[in-house]
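The values are calculated or read from the model by the stated rules, or taken from the named source; none is laboratory data. What you are looking at is a predicted structure, and each value in this text was computed from that prediction instead of being measured. FYI the Cβ positions are ideal-geometry reconstructions off the backbone, even for glycines, and counts take in every protein chain you see.
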Amino acid sequence: MKNNLGIIYAVAACTWWGFIPIFWKQLSHVDSVEIVMHRMVWSFVLVTLLIIVSRQWREFKVVFSQPKLLFKLFIASALVSVNWAVFIWAVNTGHLVETSLGYFMNPLISVALGVVLFGEVLRRGQILALSIATLGVIYLVVSYGAFPWISFVLAISFALYAAVKKSVSVPATHGLAIETMFFLIPAGVYLSYIEVQGSGQFFTGPSNAWMLVLGGLFTLIPLVLFAAAAKRISMTAMGMVQYIGPSLQLMIGVLIYAEPFGLQTMIAFSFIWLALGIYSMDQLRHQNGLRRARKAQRIKTPG
């Protein structure tokens, strides 16, 4: 039952992330920087209220007595800010297909960062998957004549964000509160400035105001669901479920917003999908091997 509930939470979170571009498209008339700043402010307000209501304030305050932890969360804050800004700009300027490619590439980028940053040794399946994905990117660059920077910025920033978050041990709500808190003052100053200048959109009508506030809520909901899922299911299962998000983004970009998806893009995506298939099968075999080894160890160890 615990695993079933975890899968439900994970699918709900990733499905939410898959459909969220439709929401951000409704704010395409608002500058991307303004959206990100409002997202920071309202995410902080709402997640702080959640911490207070759930009576976690005492545990939350402990984080402020750990300078190293705060520094790591500041780095995470900078990375997620870049990710949010590029994602929202890309969605609202007709680059949803490229954003989906970035999130398809994310697990493979995470593997590469594991080698570079943590000295991890790749298995043969992982080497093969990375090699095929690299060929797909090279093909995309050659056929397009331009580097897919949107995809890479999204994939690398989120992979680095995940690597930083992996090194800290705080509840998801506490982490988000601290991360958004770091940019609360700059965001407040920026939003006040554009409102005084007359270019801000928050006070132009109740619809804009509510949509910008909802952006904070819609950031919080999938994060809480995902954190709840992570406590209940394996990382392998979590990794497989995460492909729901970019798959939905790709379909929405092509079918709803009629973004181009020509032969060159299809070939490049085919390389990535093949690489992800090999990577996923390698992960499943590895996890099954670990389970068998643990089971054998328990049998050998009496009592």
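Just a few scattered comments:
- Residue in the stretch 163-214 that is surrounded by the fewest Cβ atoms within 10 Å (Cβ to Cβ), counting only those that are modelled with pLDDT under 90, under 21 Å from the mean Cα position of the chain (by Cα) and over 17 Å from Thr48 (Cα atoms): Ser169
- Scoring Gly6 on the criteria (1) part of a helix (DSSP H, G or I); (2) farther than 15 Å from Leu176 by Cβ; (3) out of contact with any Lys or Arg (no Cβ under 6 Å at 6 or more places or on another chain) leaves a single failure, condition (3).
- Filter result (in contact with a Gly (Cβ under 9 Å, 6 or more places away or on another chain) and of a type in the set (Val, Ile, Thr)) within the stretch 139-180: Ile150, Val153, Ile156, Val168, Thr180
- Extreme residue, nearest to Ala112 (Cα to Cα), among residues of the stretch 242-268 that are crowded, with 20+ Cβ neighbours inside 10 Å and of a type in the set (A, V, I, L, M, F, W, C): Ala268
- Residue selected from the stretch 269-298 under the condition charged (D, E, K, R) and surrounded by fewer than 15 Cβ atoms within 10 Å (Cβ to Cβ), by the criterion nearest to the chain's Cα centre (by Cα): Arg285
- Looking across the stretch 139-151, the residues that are among the hydrophobic types (A, V, I, L, M, F, W, C) and modelled with pLDDT under 90 come down to Leu140, Val141, Val142, Ala146, Phe147.
- Qualifying residue in the stretch 30-37 (condition: under 25 Å from Ile256 (Cα atoms), out of contact with any Leu (no Cβ under 9 Å at 6 or more places or on another chain) and of a type in the set (Asp, Glu)): yes
- Test: residue in the stretch 47-65 that is crowded, with 18+ Cβ neighbours inside 10 Å and under 19 Å from the mean Cα position of the chain (by Cα): yes
- Inter-residue pairs, beta-carbon under 8 Å, first within 17 Å of Ile109 (Cα to Cα) and in the stretch 136-153, second among the charged types (D, E, K, R) and part of a helix (DSSP H, G or I), 6+ apart: Pro148/Glu98; Ile150/Glu98; Ser151/Glu98
- Hits in the stretch 13-31 (condition: at pLDDT 90 or above and either part of a helix (DSSP H, G or I) or at positive phi (or both)): Thr15, Trp16, Trp17, Gly18, Phe19, Ile20, Pro21, Ile22, Phe23, Trp24, Lys25
- Listed by first and then second residue, the pairs with beta-carbon distance under 8 Å, at least 6 apart or on different chains, first residue in the stretch 160-175 and more than 13 Å from Leu117 (Cβ to Cβ), second hydrophobic (A, V, I, L, M, F, W, C) and part of a loop (DSSP other than H, G, I, E, B), are Gly175/Val168.
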